[in-house]
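The values are calculated or read from the model by the stated rules, or taken from the named source; none is laboratory data. Computed from a prediction, not measured in an experiment: that's the story for all the values here. Positions of Cβ are backbone-derived with ideal geometry, glycine not excepted, and every protein chain shown enters the neighbour counts.
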Amino acid sequence: MRTGWTPENREKYKQSREWHAAYLREWRKKDPEKAREKDREYYHRVTKHKTESTYTQKHKNYNERNRDKIRAKQREFYEQNPERHAAYQKKWMDANPERVGVMRKRSKLKAKYGITLERFDAMHDAQNGKCANDGCTVHGPKRGKGALVVDHCHKTGNVRGLLCIGCNFALGQLEDSPERATGLASYLKKEGRKAV
């Protein structure tokens, strides 16, 4: 006697699943309030006893083993449904503005300066959130408006520190020239220097 997933068994199972799905749809239509109550019960039961099941572990293992295959399928879906993908992306970005900000910052730091967000945060902590210019008293947050910016050498590309936006702009205008900077400092310190 044959056992297991024979074509006949598969067909019966498929039909029973379709029948069951149709039955559930009808039941939900007839009594939507009861359906919502059952959904709430299920949600609370699952979240209350949330543990990593064997199924979840298997799912993770599958994803790790088939990463390229999954990504190829996703790319294919995006190419075939650009409007749907764009709409989903916009909805997600609107719902997660903080995460979007962090992702953009991470991407910009890596592309422009070759540093990670973690290194930026470590530099910010080392400077206690203060502009690296000793003569400046500006403190800036890690993210958002007024945040400190990365200062780098335009010739070598090496990152030097974090400056406030004003100091970074001034340094750029001085073309990283110490002579011009000290010259301006002495110009400002001259006694009797008054506006005409």
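Conditions first: (1) modelled with pLDDT under 90; (2) among the hydrophobic types (A, V, I, L, M, F, W, C); (3) loosely packed, with under 10 Cβ neighbours inside 10 Å. TRP27 passes all but one, so which condition is the exception?
Here TRP27 clears every test but (3).
Against the condition assigned to a helix (DSSP H, G or I), in contact (Cβ under 8 Å) with a residue 24 or more places away in the chain and not acidic (Asp, Glu), how does LEU188 come out, does it pass?
Values: assigned to a helix (DSSP H, G or I): yes; in contact (Cβ under 8 Å) with a residue 24 or more places away in the chain: no; not acidic (Asp, Glu): yes.
Criteria not met by LEU188.
Within region 100-113, work out how many residues are surrounded by fewer than 16 Cβ atoms within 10 Å (Cβ to Cβ) and in contact with a strand residue (DSSP E or B) (Cβ under 8 Å, 6 or more places away or on another chain). Give the derivation first.
Of region 100-113, the ones surrounded by fewer than 16 Cβ atoms within 10 Å (Cβ to Cβ) are 100-104, 106-108, 110-112.
Next cut, in contact with a strand residue (DSSP E or B) (Cβ under 8 Å, 6 or more places away or on another chain) only: 112.
Total meeting the criteria: 1.
If we keep just the residues of region 129-153 that are assigned to a strand (DSSP E or B) and of a type in the set (A, V, I, L, M), which is surrounded by the most Cβ atoms within 10 Å (Cβ to Cβ)? Walk me through how you get there before you give the answer.
Of all residues in region 129-153, those assigned to a strand (DSSP E or B) come to 130, 139, 149-152.
So of that shortlist, the ones also of a type in the set (A, V, I, L, M) come out as 149-150.
Numbers: VAL149: 14, VAL150: 18.
Per the criteria, the residue is VAL150.
Could you list, in sequence order, the residues of region 144-174 that are more than 18 Å from ALA132 (Cβ to Cβ) and either more than 28 Å from the chain's Cα centre (by Cα) or free of Cβ contacts under 8 Å to residues at least 24 places away in the same chain (or both)?
Taking region 144-174 and keeping what is more than 18 Å from ALA132 (Cβ to Cβ), we get 144-145, 155.
The answer is LYS145, LYS155.
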